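Take a look at the structure below.
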Amino acid sequence: MNYFEEYCTEFVQSIGSKEGAVSPSIVNSASFAYATPQIAEGIFDGSIKKPLYSRMGNPTTAKLETIMAKMDGGIGAVATSSGMAATTLACMSLLACGSEIISIGGLFGGTYALFSETLTRFGITTHFFDVDEFEKIKNAINENTKIIFLESVANPNMRLPDIKKIAQIANDAGVALMVDNTITPMSILPLKLGADIVVYSTTKIISGNSAALGGCAVFRSINDGEDKFKTPRYKELHKFIKGVGKMALIANAKKRAMRDFGMSANANSSYLTMLGLETLPLRMQRIVNSVSIIAKELSENGLNINHPCLRTHPHHERYLNDFKNGCGTFLSLDMGTKEKAYAFLNKTKIATITANIGDSRTLALHMASTIYRDFDEDTRKFLGITEGLIRISIGLENPKDIIKDFLAAAN
């Protein structure tokens, strides 16, 4: 896992300062004074790069956005109040009544509800497909399709998408590909694989401390020559392309979503998120190593574990070829029934029962009775939610201690 070492120097050197306060400054101001009307005009027309109003951005948050964009190789990023806010911002900046989304693979319950319930009230339709239904995905694309959406690792059914292949489908059709990379920062680089937008819940492994609610959307630059965003499919973007060129997706997201919906990040959360980023490479390396060790040991001891590192997983070969740096912090355990799942959760001494993932602590949650409790049977089946399913997010504890605790809890 030496791959993560590439980021160790980058993050700590980017976040800390060489003069004055070493730790990033927290700018806790909702508004900013412009000094003169001429400066105010320049700030509003974009010719002067100074803070406008904290709903549109804050100096502390701007530093976080710069680091997030650099991590993914994007031209810029927009930090938000939560992971769902990042997904909503990225989607609503491109969608209108009559637009369509193609969603691929298993899906976090909040995102599924956004696509299947909330957006439908605004005349936006989503078509759902499994990760390997490539022909169906191609056939579903039409002139109204604006976004193909997938998670880098399906939460919680652990199915792995062929991101390169799906990116090729999206690019051939001239449709934007958006990837939720929440549990695989650094280990998967979606923009380099052909995606256009990457979204995160920074609350998870990026912060790693359960203290900072936040999200972020990272955008690629607009190409000088031909570009899918210059086609009639995205005509609403054209004025931004004409105005700011390569930065058009950023300007569009801030004007079409951030300004109007107000899902802004706050300075304190941005500060805490940057502190998490300083140790992210070290934590990721340890956790993805631990996940593999724990999944294999628990499986060998008869527990029904779902993780792609296991040879029985349908995407094991894809895991070996495309996910060499791991596939995040979690695995799932199916205890067969709700009663047995509850018994396990009541007996474990290490796992904290919570809806979060990607923490420094090991976390666990029974899926059917919590996040997916309101979903019908067919939807649960599609998303891989069984009555005994427990999602487990592995933390920084000694993997041997976790294995010992889980085996005791399962008996």
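The values are calculated or read from the model by the stated rules, or taken from the named source; none is laboratory data. Here the structure is a predicted model, which means the values were calculated and not measured. All Cβ positions, glycine included, derive from the backbone under ideal geometry; neighbour counts span all protein chains shown.
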List the pairs whose first member sits in the range 36-49 and is within 20 Å of Lys255 (Cα to Cα), whose second member is assigned to a helix (DSSP H, G or I) and of a type in the set (Asp, Glu), and whose Cβ atoms are under 9 Å apart, counting only residues at least 6 apart or on separate chains?
Ser47/Glu41; Ile48/Glu41
Using the structure shown, decide if Asn144 is buried (at least 23 other Cβ atoms within 10 Å of the Cβ) and in contact with an Asp or Glu (Cβ under 9 Å, 6 or more places away or on another chain).
no
Candidates Gly83, Gly110, Gly105 - the one that is at positive phi, in contact (Cβ under 8 Å) with a residue 40 or more places away in the chain and in the same structural domain as Ser31 (by TED's automatic domain parsing)
Gly105
For residues that are touching a Pro at 6+ places or on another chain (Cβ under 8 Å) and small (Gly, Ala, Ser), scanning just the range 96-118, find the one that is modelled with the highest pLDDT.
Gly105
Take Gly328 and decide whether it is within 22 Å of Asn289 (Cβ to Cβ), of a type in the set (Gly, Ala, Ser) and either touching a residue at least 60 places away in the same chain (Cβ under 8 Å) or touching a strand residue (DSSP E or B) at 6+ places or on another chain (Cβ under 7 Å) (or both).
yes
Restricting attention to the range 90-100, which residues are hydrophobic (A, V, I, L, M, F, W, C) and surrounded by fewer than 24 Cβ atoms within 10 Å (Cβ to Cβ)?
Met92, Leu95, Ala96, Cys97
If a residue must be touching a helix residue (DSSP H, G or I) at 6+ places or on another chain (Cβ under 6 Å), hydrophobic (A, V, I, L, M, F, W, C) and buried (at least 24 other Cβ atoms within 10 Å of the Cβ), how many such residues does the range 179-194 contain?
1
Tell me, which residue of the range 195-212 that is of a type outside the set (Ser, Thr, Tyr) and under 27 Å from Asn321 (Cβ atoms) is surrounded by the most Cβ atoms within 10 Å (Cβ to Cβ)?
Val198
Write out, first by first residue and then by second, each pair whose Cβ atoms fall under 9 Å of each other, whose residues are 6+ apart or on separate chains, and whose first residue, in the range 20-33, is closer than 16 Å to Ser270 by Cα while the second is of a type in the set (Phe, Trp, Tyr).
Ser23/Tyr271; Pro24/Tyr271; Ser25/Tyr271; Ile26/Tyr271; Ala30/Tyr53
May I ask you to list pairs of residues, at least six apart or on different chains, whose Cβ atoms are under 6 Å apart, with the first in the range 277-305 being over 17 Å from Ile357 (Cβ atoms) and the second being hydroxyl-bearing (Ser, Thr, Tyr)?
Pro281/Tyr7
Which one of these is modelled with pLDDT of 95 or more, farther than 17 Å from Leu396 by Cα and loosely packed, with under 15 Cβ neighbours inside 10 Å: Asn346, Asn289, Asn304?
Asn346
In the range 331-342, residue surrounded by the most Cβ atoms within 10 Å (Cβ to Cβ) [restricted to those that are out of contact with any strand residue (DSSP E or B) (no Cβ under 8 Å at 6 or more places or on another chain) and in contact (Cβ under 8 Å) with a residue 24 or more places away in the chain]
Lys340
By my count, strands (runs of 3 or more DSSP E) wholly in the range 326-411 with at least 3 residues that are outside the structural domain of Thr203 (by TED's automatic domain parsing) and over 24 Å from Ser103 (Cα atoms) are 363-366
